[in-house]
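Following: one structure in structure tokens, then a few remarks.
The values are calculated or read from the model by the stated rules, or taken from the named source; none is laboratory data. As the structure is a prediction and not an experimental result, all values here were calculated from the model. Here the Cβ is made from the backbone with ideal geometry for all residues, glycine too, and neighbour counts use every protein chain on show. Quick note on the areas: whole protein, heavy atoms, side chains included, nothing else; ligands and nucleic acids left out. Shrake-Rupley method; radii C 1.70, N 1.55, O 1.52, S 1.80 Å.
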Amino acid sequence: MLHLTCANRLDALVAPLAVRVARAQAEDPLAPVTVVVPNRSVAQFLRFRLAERLGVAANLRFDFLERFLREAVTSADPGVRVLERSALQALLWSRLRNAAFVARPGLEPVRAWLEAAGAAADPDLRALELARLLASLFEAYARARRPMLRAWDRHVTLAGTPWAEAEAWQRTLYRALFDADGAAQLNGSPAATATDQLDLFGTPARWMLLPDALATAPTLRLPPALHVFGLSYVAPAFAETFARLAAHTELAVYALNPCLEFWEDLDTGLGAQRELAARRATWARRDSRPDPAARESEDPFTLDRAGDTPALRLWGRPGREFVRLLNDLTACDFATAFVDPTADGDTLLRRVQQDILFRAPERPPLPPAAPGPIDAVLHGSTRSDATKADDSITFVACPGVRREVEIVADLIWQLVTEAPTEGPSRLRFHQIAVMVTEADREAYLTHVEAIFRARHDLPFNLIDRRLAGQSRVVEAVERLLDLPGSDFAYPALVDLVTHPAVARGDPDSWRGWLDALHIVRGAERADLADTFVDRDVYHWDQALRRLTLGAFLTGARSDDDRPFRDAGDAWLPHELPPDDVDSVGRLVGLVRALIEDARAYAAAHLTLTDWATALQRLVTTYVVADAVHDEAALARCLQAFEQLAAADLEGARVPFSVARALAREATERLDAGRGQHQADGVVVSSL
């Protein structure tokens, strides 16, 4: 059975969840309670809130929706394997690099794009770029456009529109990759091959995208009760899966819904607010919901009409479509936990939230307000009660990111120091959040980390910083992966050699020696054959030879600038004190090993399974973790490389550049996983 609860605030959804959790734990204290959440931060939020209400938050199993559904499918049907994006990307790449496949009729636009860059681009990486975009697109189609994919078995669906040509070649690619049931056709044939994974009974596994696997699986292995908390949007394919889940388990969905008009039931149960709702002439009645054809339109719920609430018009469509699907599943039988934002006070921010809640018409602009607290931060002005303005929403024009962060830091300090120390109005650092856009996350978080420490030494918690931004070990791994296929430019290689997680000696001395040897690029003289350089200078081999000769020709400095001659070659030793001989040996051995391995890796073509092992071997050979958190970061990187083996469905050999790109994608998705909401400082995270 499906139980739906809607609210416009996340914390308002905690109470109904706590009631069901308490009831379940009273019946069986040892049975875990499964809660599906959108991210790790919401899981931590729930732990705190449930502990406040229940006294203890124990035996809770938090999971993410797609991971939960994937495990439910594969545990119920061992013959089905869910196709991850990296595996789909690898399958697409192998076909895009197959000349016979790309020559098929209907793929002329694909062929033209792959050839457009000419010799200037790496064809493997260009094909991988297109494969990455197509993998994301096909996943989105499977989640949100399943009727279109089913229709592709017979015809195109956008004939006569500007998108007809794009649909035609995408359909050709999709149908070449998947059969009518949505199973991947490995090695160009629906029949499984020896490279396929086998199920428990020795039958070849069927690789499918998650929505197709959910649709074809005869049963799903589910817990007795399942709670889905705080999701503001899921793809239609997963929302429709809720009906199937509810048929086999007690499914409780706690949906975030900022607008009353997203309901389809006049009886809101909110007393005085019902009177406001009844005055709306544009109420989205259930008997006027759009037909299936209208659902495919750009604006099925008329959110773009002139005069509508601006926030809903700009950002409301995905949430409304999700709630509409949930209402269809429950026949509008749901509980409510809506809260009037102005109940605890009337501010500009709360009025905007109330307008969203009641879908109020767009308001005319307000007159300019008097200076508020932000002006004191910016201009040093003093505010009084007579000039105090409503600064619950403030826009600040800044010349750059650094100045933005400085203003935020000063404002946080002012808010906390001026707040009462006792009572309900007191303010603590952990009650403040700084949120940035996902696209600019790293730029902002880097400044936050430096400025918050320098300005007032503000305590803060970075919630979703990239692991590479928190660990020098991951930085060393990324530099190491960049070495094969490079021209061994001096800055890149010397930064790797002297990196704290790589160096086996004195990095400061090593950098001083290498700086004095005037290295530019190239491993040896042959690497500079296309330049004006016709002698053994500027490359790494000559520098390492001079260091080695300087180590052998030890003793007091001779000030003799005559070169050492050997078989017609002349080398000027880089003389060093005798105490540095061991350090020179470690430096020379490290650089030569790095160059040799980099060349071997750049020339290799291996399966993704073999690349997973090779990359792990490369990293563990050169990167060393001293601290506990660095060891954990290194282990997570090595685990990310294992995803290459999971993407190896056909055993195709790929060059290092492709394996590196896939490995970098896996490591870039790793977050530090160290911060947590409301712990011991200002929360800093992306939206």
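Odds and ends about this structure:
- In the set (1) open to solvent by 40 Å² or more (accessible area, probe 1.4 Å); (2) over 19 Å from GLU84 (Cα atoms); (3) in a helix (DSSP H, G or I), the condition left unmet by GLU129 is number (2).
- For the residues ARG175, ARG143, the requirement of being within 21 Å of ALA90 (Cα to Cα) and without any contact (Cβ under 8 Å) to a residue 24 or more places away in the chain singles out ARG175.
- Residues located in segment 44-56, provided they are free of Cβ contacts under 8 Å to residues at least 12 places away in the same chain, open to solvent by 40 Å² or more (accessible area, probe 1.4 Å) and within 17 Å of LEU10 (Cβ to Cβ): GLU52
- Selection from segment 393-415 of residues that are within 17 Å of LEU427 (Cβ to Cβ) and of a type in the set (A, V, I, L, M, F, W, C): VAL408, ALA409, LEU411, ILE412, TRP413, LEU415
- Top-ranked residue in segment 14-31 [being within 17 Å of LEU251 (Cβ to Cβ), assigned to a helix (DSSP H, G or I) and in contact (Cβ under 8 Å) with a residue 12 or more places away in the chain; ranked as most open to solvent (accessible area, probe 1.4 Å)]: ARG20
- Residues of segment 436-489 that turn out to be touching a residue at least 12 places away in the same chain (Cβ under 8 Å), farther than 30 Å from ASP541 by Cα and of a type outside the set (A, V, I, L, M, F, W, C), as a count: 19
- Test: residue in segment 58-65 that is in contact (Cβ under 8 Å) with a residue 12 or more places away in the chain, surrounded by 14 or more Cβ atoms within 10 Å (Cβ to Cβ), of a type outside the set (A, V, I, L, M) and touching a helix residue (DSSP H, G or I) at 6+ places or on another chain (Cβ under 6 Å): yes
- Among the residues of segment 615-630, those identified as open to solvent by 20 Å² or more (accessible area, probe 1.4 Å) and under 30 Å from LEU83 (Cα atoms) are GLN616, ARG617, THR620.
- Note on segment 552-591: among residues that are among the small types (Gly, Ala, Ser) and at pLDDT 75 or above, the one that is surrounded by the most Cβ atoms within 10 Å (Cβ to Cβ) is SER583.
- Taking residues in segment 308-320 that are surrounded by fewer than 17 Cβ atoms within 10 Å (Cβ to Cβ), and partners anywhere that are at pLDDT 75 or above, the pairs with Cβ atoms closer than 8 Å and at least 6 places apart or on different chains are PRO310/GLU362; ALA311/VAL352; ALA311/ASP355; ALA311/ILE356; PRO318/SER232; PRO318/TYR233.
- Yes/no for GLU84 being within 30 Å of GLU650 (Cα to Cα) and either touching a helix residue (DSSP H, G or I) at 6+ places or on another chain (Cβ under 9 Å) or in contact (Cβ under 8 Å) with a residue 24 or more places away in the chain (or both): yes
- Filtering PHE429, PHE452 for residues that are closer than 30 Å to LEU467 by Cβ and open to solvent by 40 Å² or more (accessible area, probe 1.4 Å) leaves a single hit, PHE429.
- Restricting segment 374-414 to residues that are assigned to a helix (DSSP H, G or I), aliphatic (A, V, I, L, M) and modelled with pLDDT under 90, the residue that is surrounded by the most Cβ atoms within 10 Å (Cβ to Cβ): VAL377
- Once segment 533-542 is narrowed to residues that are part of a loop (DSSP other than H, G, I, E, B) and modelled with pLDDT of 85 or more, the residue that is surrounded by the fewest Cβ atoms within 10 Å (Cβ to Cβ) is TYR538.
- Residue within segment 441-458 that is in a loop (DSSP other than H, G, I, E, B), of a type outside the set (D, E, K, R) and within 18 Å of ASP680 (Cβ to Cβ) present: yes
- Residues that are over 27 Å from the mean Cα position of the chain (by Cα) and open to solvent by less than 40 Å² (accessible area, probe 1.4 Å), drawn from segment 142-158: MET148, ALA151, TRP152
- Within segment 159-177, at least one residue is surrounded by fewer than 16 Cβ atoms within 10 Å (Cβ to Cβ), at pLDDT 85 or above and either in contact with a strand residue (DSSP E or B) (Cβ under 9 Å, 6 or more places away or on another chain) or of a type in the set (Val, Ile, Thr) (or both).
- In segment 293-341, the residues that are modelled with pLDDT under 70, part of a helix (DSSP H, G or I) and basic (Lys, Arg): ARG295
- Within segment 336-360, being more than 15 Å from PRO258 (Cα to Cα) and surrounded by 14 or more Cβ atoms within 10 Å (Cβ to Cβ) holds for THR347, LEU348.
- Checked against (1) open to solvent by 50 Å² or more (accessible area, probe 1.4 Å); (2) farther than 19 Å from ARG664 by Cα; (3) under 19 Å from the mean Cα position of the chain (by Cα); (4) modelled with pLDDT under 90, MET435 passes all but a single condition, namely (4).
- Tally, over segment 592-607, of residues that are open to solvent by less than 50 Å² (accessible area, probe 1.4 Å) and among the small types (Gly, Ala, Ser): 4
- Taken together, the residues in segment 616-670 that are in contact with a Ser or Thr (Cβ under 9 Å, 6 or more places away or on another chain) and among the basic types (Lys, Arg) amount to 2.
- Scanning segment 81-92 for residues that are of a type outside the set (S, T, N, Q) and either open to solvent by 10 Å² or more (accessible area, probe 1.4 Å) or farther than 24 Å from LEU662 by Cα (or both) yields ARG81, VAL82, GLU84, ARG85, ALA90.
- If you go through segment 632-656 and pick out every residue that is in contact (Cβ under 8 Å) with a residue 60 or more places away in the chain and open to solvent by 70 Å² or more (accessible area, probe 1.4 Å), you end up with 2.
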